[in-house]
1. What distance in nm separates the two pseudo spin-label positions at residue A:9 and residue A:39, each 7 Å out from Cα along the beta-carbon direction?
2. I need the shape label for the stretch A:30-109. Rule: rounded when a/c is under 1.5, else prolate if a/b > b/c, else oblate, with a, b, c from the alpha carbon gyration tensor.
3. Please list, in order along the stretch B:81-94, the HN-Hα scalar couplings obtained from phi with the Karplus expression 6.51 cos²θ - 1.76 cosθ + 1.60 (θ = phi - 60°), rounded to whole Hz, x for Gly and Pro.
4. Let me have the relative contact order for chain A, percent, based on Cα pairs under 8 Å that are six or more residues apart.
5. What is the set of long-range amide H partners of residue B:26 at a cut-off below 5 Å, with H atoms built 1.01 Å from backbone N?
6. Using the Cα centre of chain B as origin and beta-carbon charges of +1 (Lys, Arg) and -1 (Asp, Glu), tell me which of B:6, B:42, B:76 is placed farthest towards the positive end of the dipole.
7. At 0.36 nm per residue, minus the direct Cα-Cα distance, what do residue B:82 and residue B:65 gain on full extension? Give it in nm, one decimal, please.
8. Can you give the mean number of other chain Cβ atoms that lie within 10 Å of the Cβ atoms in peptide A:36-46?
Amino acid sequence: GENVEQHPSTLSVQEGDSAVIKCTYSDSASNYFPWYKQELGKRPQLIIDIRSNVGEKKDQRIAVTLNKTAKHFSLHITETQPEDSAVYFCAANGNQFYFGTGTSLTVIP
Amino acid sequence: DTEVTQTPKHLVMGMTNKKSLKCEQHMGHRAMYWYKQKAKKPPELMFVYSYEKLSINESVPSRFSPECPNSSLLNLHLHALQPEDSALYLCASSLNRGGPRLVEQFFGPGTRLTVL
């Protein structure tokens, strides 16, 4: 099956700085890579996703890059704001969704 | 309607109780999922229903019993749970299970379960 590793497990940045979270996967057949944001006590919410036929996707302050050869993908958040503070999960779809272990992001005002 | 709903929001039960969690979606999705999530951990897949048929059971103990009465509803029946089963139970749905354009999963708000 698929194995998704996510780093770092915790990340603190100053407001306005950028944050980068990285994930690696093992199954070369995986072709869909979503990122979920989960605030305390709330549901995971899809914030951006990328499919294996593209290398980069951007949505305002959020971008995701995918390197299929190296089997890794990254989430980039620019101009971070306190409301970006949450746990972020990457995922890859093998036979089912495989989630990374999560990154707890804290944006310090 | 573009949401997955779950009831109840919170549930406290004893180890001898029988209770059920409910999940509903009206987006025409044909795949529905149950996940268990402990604090600060990723969701762990429990069951997958595809076209109302159970397609994945991730070796979940029999004290958890899923049911899919129709394409919009998913239940999780609970019986003789243990304190370690306390967690957030999330339901999710997707248009279908497979295909590159069809796997986006939408999560419900979850049921916070406490087993005493």
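The values are calculated or read from the model by the stated rules, or taken from the named source; none is laboratory data. Remember, it's a predicted structure, so these values are computed and weren't measured experimentally. Every residue, glycine as well, gets a Cβ built from its backbone with ideal geometry; the counts of neighbours run over all protein chains shown. Quick note on the areas: whole protein, heavy atoms, side chains included, nothing else; ligands and nucleic acids left out. Shrake-Rupley method; radii C 1.70, N 1.55, O 1.52, S 1.80 Å.
1. If labels sit at residue A:9 and residue A:39, their model points lie 2.6 nm apart.
2. On the way: a/c = 2.29, a/b = 1.44, b/c = 1.59.
Oblate.
3. 6, 10, x, 6, 7, 4, 5, 8, 9, 10, 9, 9, 9, 9
4. Relative contact order for chain A comes out at 38 percent.
5. Answer set, sorted by chain and number: B:3.
6. B:42
7. Values: separation 17, 0.36 × 17 = 6.12 nm, distance 1.46 nm.
Length gained, residue B:82 through residue B:65: 4.7 nm.
8. Per-residue shielding by partner chains comes out at 5.
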